[in-house]
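Before any comments, here is the structure.
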Amino acid sequence: MTPIIAPSLLAADFANLQRDIELINRSDADWLHLDIMDGQFVPNISFGIPVCKAIARHAQKPLDIHLMINTPEAYLEAFQQCGAYNITVHLEACNHLHRVVHQIKELGCNAGVALNPHTPVSLLKDLINDIDLVCIMSVNPGFGGQKFINKTYDKVQELRDIIANSESNALIEIDGGVNLKNAPAILNAGGDVLVAGSFVFNAQDPAQIVSDLKNVPV
Ligand code: DX5
Ligand code: ZN
């Protein structure tokens, strides 16, 4: 199966966002991944709703919005109005995850749940049928350019089994430290979506890297 490729704009040149979005528009990317950080849930602040709105004016790829924020339920509608295709919240940031997932779906978006590296995938067993996307963090969220955590492979496999034994069609997304070296093993473990920030935008030819990831041999 061909993976879904979601370049993360966090590694783009923020002084040339339109240029970098258009570069992704012209590439084989499937989604555009937007990392929203609040300086509370994660120790970094990225960008917020007005910037997302400006990005949406230029982006032609569906927006894959990853909320690394506390009380995400307070901002779902604002991100839906930015044109979100997927809205992903962190399990660790939600006391009432079932309710938040359904709020996202009622807004007409796909509902994603992200798990920090320390969070077991088994915690999603009772909710898996309600979720469209599970984002397994392969780094501690907050920064681009970190090293991929190898334990992720086991988590992807375990989640693949949970999904196979359910009625869920949830996609498995892997976010953090993804490159051409680890992509084959991620896909073999059962990953569907590859998020890549610095590996794409730090390359000489980002569009070529996107198609290399898309066509990675497995
Ligand atoms: C990390 C973000 C990732 C990040 C990935 O907190 O959620 O989406 O941008 O960047 P790389 O690919 O550089 O690890
Ligand atoms: Zn992300």
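Would you confirm whether or not the stretch 98-110 contains a residue that is within 16 Å of ligand 1 (Cβ to nearest atom), under 17 Å from the mean Cα position of the chain (by Cα) and more than 23 Å from Asn202 (Cα to Cα)? Quick ask: steps written out before the conclusion?
From the stretch 98-110, those within 16 Å of ligand 1 (Cβ to nearest atom) are none; that's our starting set.
The answer is no, given that none of the residues of the stretch 98-110 is within 16 Å of ligand 1 (Cβ to nearest atom), under 17 Å from the mean Cα position of the chain (by Cα) and more than 23 Å from Asn202 (Cα to Cα).
Working only within the stretch 168-218, note down all residues that are among the polar types (S, T, N, Q) and outside any loop (DSSP other than H, G, I, E, B). Steps first, answer last, please.
Kept after step one, since they are among the polar types (S, T, N, Q), are these residues of the stretch 168-218: 168-169, 179, 182, 188, 198, 202, 204, 208, 211, 215.
Across the stretch 168-218, the qualifying residues are Asn188, Ser198, Gln208, Ser211.
Here's the yes/no breakdown for (1) in contact with a strand residue (DSSP E or B) (Cβ under 7 Å, 6 or more places away or on another chain); (2) in a helix (DSSP H, G or I):
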| position | (1), (2) |
| --- | --- |
| Asn16 | no, yes |
| Cys52 | yes, yes |
| Asp64 | yes, no |
| Leu67 | yes, no |
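If you take the residues of the stretch 141-161 that are open to solvent by less than 20 Å² (accessible area, probe 1.4 Å) and more than 13 Å from ligand 1 (Cβ to nearest atom), which of them is nearest to the chain's Cα centre (by Cα)? Walk me through it before giving the result.
Taking the stretch 141-161 first, the residues open to solvent by less than 20 Å² (accessible area, probe 1.4 Å) are 141-142, 148, 152, 155-156, 159.
Then drop every residue that is not more than 13 Å from ligand 1 (Cβ to nearest atom), which leaves 155-156, 159.
On the way: Lys155: 16, Val156: 14, Leu159: 16 Å.
If we take residues in the stretch 141-161 being open to solvent by less than 20 Å² (accessible area, probe 1.4 Å) and more than 13 Å from ligand 1 (Cβ to nearest atom), then Val156 is nearest to the chain's Cα centre (by Cα).
So, of the residues in the stretch 106-129 that are under 23 Å from Leu34 (Cβ atoms) and part of a helix (DSSP H, G or I), which turns out to be most open to solvent (accessible area, probe 1.4 Å)? Steps first, answer last, please.
Going residue by residue through the stretch 106-129, those that are under 23 Å from Leu34 (Cβ atoms) are 106-117, 119, 124.
Now restrict to residues that are part of a helix (DSSP H, G or I): 106, 124.
Values: Glu106: 151, Leu124: 1 Å².
Selected residue: Glu106.
Any residue that is open to solvent by 60 Å² or more (accessible area, probe 1.4 Å) and within 28 Å of Gln204 (Cβ to Cβ) - is there at least one of those in the stretch 62-71? So that I can check it myself, show each step before the final result.
Initial filter on the stretch 62-71 (open to solvent by 60 Å² or more (accessible area, probe 1.4 Å)): 70-71.
Keeping just the survivors that are within 28 Å of Gln204 (Cβ to Cβ) gives none.
Checking the stretch 62-71: not a single residue is open to solvent by 60 Å² or more (accessible area, probe 1.4 Å) and within 28 Å of Gln204 (Cβ to Cβ).
Counting just the residues of the stretch 19-46 that are charged (D, E, K, R) and touching a Lys or Arg at 6+ places or on another chain (Cβ under 8 Å), which one comes out most open to solvent (accessible area, probe 1.4 Å)?
Keep residues of the stretch 19-46 that are charged (D, E, K, R), which gives 19-20, 22, 26, 28, 30, 35, 38.
Next, from what is left, pick out any that are touching a Lys or Arg at 6+ places or on another chain (Cβ under 8 Å): 28, 30.
On the way: Asp28: 82, Asp30: 47 Å².
This residue is Asp28.
Being over 17 Å from Asp64 (Cα atoms), among the hydrophobic types (A, V, I, L, M, F, W, C) and open to solvent by less than 30 Å² (accessible area, probe 1.4 Å), is that true of even one residue in the stretch 190-197?
Here is the first cut: in the stretch 190-197, the residues over 17 Å from Asp64 (Cα atoms) are 190.
Restricting the remaining residues to those that are among the hydrophobic types (A, V, I, L, M, F, W, C) gives none.
Checked against the condition, which is being over 17 Å from Asp64 (Cα atoms), among the hydrophobic types (A, V, I, L, M, F, W, C) and open to solvent by less than 30 Å² (accessible area, probe 1.4 Å), the stretch 190-197 yields no hits at all.
Based on what the data block shows, is Asn95 assigned to a loop (DSSP other than H, G, I, E, B), more than 16 Å from ligand 2 (Cβ to nearest atom) and open to solvent by 60 Å² or more (accessible area, probe 1.4 Å)? Steps first, please.
Values: assigned to a loop (DSSP other than H, G, I, E, B): yes; more than 16 Å from ligand 2 (Cβ to nearest atom): yes; open to solvent by 60 Å² or more (accessible area, probe 1.4 Å): yes.
Criteria met by Asn95.
Would you check which residues across the stretch 4-18 are within 19 Å of Ala183 (Cα to Cα) and open to solvent by 20 Å² or more (accessible area, probe 1.4 Å) and list them?
Ile4, Ala11
The values are calculated or read from the model by the stated rules, or taken from the named source; none is laboratory data. Just so we're clear, the structure is a prediction, and the values are computed from it rather than from any experiment. Every residue, glycine as well, gets a Cβ built from its backbone with ideal geometry; the counts of neighbours run over all protein chains shown. These accessible areas exclude ligands, DNA and RNA; they are computed on the full protein's heavy atoms, side chains included. Shrake-Rupley method; radii C 1.70, N 1.55, O 1.52, S 1.80 Å.
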